Number of protein chains: 2
Amino acid sequence: MKAAILVAPGTVLADLAPAHAMLSMIPSAEVHTVWKKKEILSAFPGTFPFLPTTTFAECPRQLDVLLVPAVGPEVHADDETLDFLAERGAEARFVTSVCAGALMLGAAGLLNGYRTATHWMLDEMLPQFGAIITTERVVVDRNRITSDGGSAATEHTIVLAKHLVGDDYAQEIELFFEWDPQPQLVFGTGTPTKAGPELTNRLLTKMAPEFAGFAPALAKAVERLQAQGLLEDRAALARS
Amino acid sequence: MKAAILVAPGTVLADLAPAHAMLSMIPSAEVHTVWKKKEILSAFPGTFPFLPTTTFAECPRQLDVLLVPAVGPEVHADDETLDFLAERGAEARFVTSVCAGALMLGAAGLLNGYRTATHWMLDEMLPQFGAIITTERVVVDRNRITSDGGSAATEHTIVLAKHLVGDDYAQEIELFFEWDPQPQLVFGTGTPTKAGPELTNRLLTKMAPEFAGFAPALAKAVERLQAQGLLEDRAALARS
């Protein structure tokens, strides 16, 4: 079992931590955290320096799992990273993402025509890559397994374990991660609908500076896919 | 707002990731990941190399939050680490743990007489430090906030945000982390009771080699606290 998890500047640790643990607990698994070079990166939000284990060049060509967590906006327009994802994704048994990781898969041309989940803040950004947005928390469409952000990483990991190894292993992982949510501990504000517009807009306003980089990077990624003939030029279609 | 998160060989990333993000998103927060020195550590399970930001010596003396995730068994008998936790814990506004982090707090003498939560696999190990085991997922007892393992890290983070900053911020964090669990996505095996004895014993057998180091390290930690007069010698009491 060979797995590669993309890491990059601005990686969200909570997105990759459960899957990294689950994959590492499969006997004789080979789990790589991959980036261009073995340089110190920092997670987002905050400062958490870490090192990739494996360069793109060293990463196995045939992967059982290619997993992408949320990474920084600028990475979505990075040719080297998108080429790596497109190549490995074309041959991987499962191509999978958590949170904004779906935007990276989309930017690499891997979600065109696929039903997809991502963090609710990013829903409107995905269709430009041909992805079909859903309201589901974890979506399995052929060999693509995508999920919402943050806490959905645990359900994503259980669903991935089920498809990759089987029900018995997935049930062990659910028990290991103590997936037994207790509603009375929290507020019930886990979705925009449940939170209501005031709270939702307050959070969106706070996050706006962090998210400002996405739009230009994604626009560049769309142009790149169109130039490669991998995405229809909707503007051109509209003109014709 | 000053926070320190203990990191060490064998740190469980999933335990610290949500709290690290939540603390880092508080305006003007100072969030340290602390260890003896700035050397490369690896997470557990699997290989995930990372760097602490701050040494024990550099860590602020007055902390708003001292947070301990699960760390490797051998750390539970390490004098330097236990002394650091005891000193900072005595003055911190909140002393808090996820999963096996409660064993470290216990070994540092910080849970004697406190109601406590930890991963169900470790429940029997905690009372030797005077901690009172509960079946709750997140426990707040005075300024101690402890929680179960794995996925409970998210609820722990929301509860910590509530006590540290207030309801408005905690609700934003719940929405940011999309805490909206979907039972139909999983198996319903998230606790030993729900999983049943066969699955539970299968997982315990698999994890036994990883957990073998805990008993001798914790026994040494108990002796250390007794020698410091911080824990009653129950064997001596029984003899008298």
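The values are calculated or read from the model by the stated rules, or taken from the named source; none is laboratory data. Since the structure is predicted, the reported quantities are computational estimates derived from the model, not experimental observations. Cβ placement follows ideal geometry from the backbone for every residue including glycine, while neighbour counts extend to all protein chains displayed. Side chains included, ligands, DNA and RNA excluded: accessible areas come from the protein's heavy atoms. Shrake-Rupley method; radii C 1.70, N 1.55, O 1.52, S 1.80 Å.
In the stretch A:120-143, the qualifying residues are those that are assigned to a strand (DSSP E or B) and touching a Ser or Thr at 6+ places or on another chain (Cβ under 7 Å), and the one that is farthest from the other protein chains (Cβ to nearest Cβ) is A:I132.
Within the stretch A:31-44, count every residue that is in contact with a Leu (Cβ under 9 Å, 6 or more places away or on another chain) and among the charged types (D, E, K, R).
Keep residues of the stretch A:31-44 that are in contact with a Leu (Cβ under 9 Å, 6 or more places away or on another chain), which gives A:31-35, A:38-41, A:43-44.
Now restrict to residues that are among the charged types (D, E, K, R): A:38-39.
The qualifying residues number 2.
Could you list, in sequence order, all residues of the stretch B:148-170 that are at the interface with another protein chain (Cβ under 7 Å from one of its Cβ atoms), crowded, with 24+ Cβ neighbours inside 10 Å and among the aliphatic types (A, V, I, L, M)? Residues satisfying the conditions are B:A152, B:I158. Put simply, of B:F94, B:F48 the only residue that is closer than 20 Å to B:A153 by Cβ, under 18 Å from the mean Cα position of the chain (by Cα) and of a type in the set (F, W, Y) is B:F94. Where helices (runs of 4 or more DSSP H) sit wholly within the stretch B:171-240, those with at least 3 residues that are surrounded by 15 or more Cβ atoms within 10 Å (Cβ to Cβ), facing chain A (nearest Cβ under 7 Å) and not charged (D, E, K, R) occupy B:192-211. Which of the helices (runs of 4 or more DSSP H) found entirely inside the stretch A:1-119 contain at least 2 residues meeting this: open to solvent by less than 10 Å² (accessible area, probe 1.4 Å), within 10 Å of chain B (Cβ to nearest Cβ) and over 25 Å from A:I132 (Cβ atoms)? Once the helices (runs of 4 or more DSSP H) in the stretch A:1-119 are filtered for at least 2 residues that are open to solvent by less than 10 Å² (accessible area, probe 1.4 Å), within 10 Å of chain B (Cβ to nearest Cβ) and over 25 Å from A:I132 (Cβ atoms), what remains is A:13-24.
The residue pairs whose first member lies in the stretch A:38-54 and is under 13 Å from B:L23 (Cβ atoms), whose second member is modelled with pLDDT under 95 and open to solvent by 40 Å² or more (accessible area, probe 1.4 Å), and whose beta carbons are closer than 8 Å, counting only pairs six or more residues apart or on different chains, are A:P45/A:E210; A:F48/A:S42. Looking at A:S97, is it touching a strand residue (DSSP E or B) at 6+ places or on another chain (Cβ under 7 Å), hydroxyl-bearing (S, T, Y) and closer than 30 Å to B:L203 by Cα? It is true that A:S97 is touching a strand residue (DSSP E or B) at 6+ places or on another chain (Cβ under 7 Å), hydroxyl-bearing (S, T, Y) and closer than 30 Å to B:L203 by Cα. Within the bounds of the stretch A:19-32, is there any residue that is within 14 Å of the chain's Cα centre (by Cα) and among the acidic types (D, E)? No: the stretch A:19-32 contains no residue that is within 14 Å of the chain's Cα centre (by Cα) and among the acidic types (D, E).
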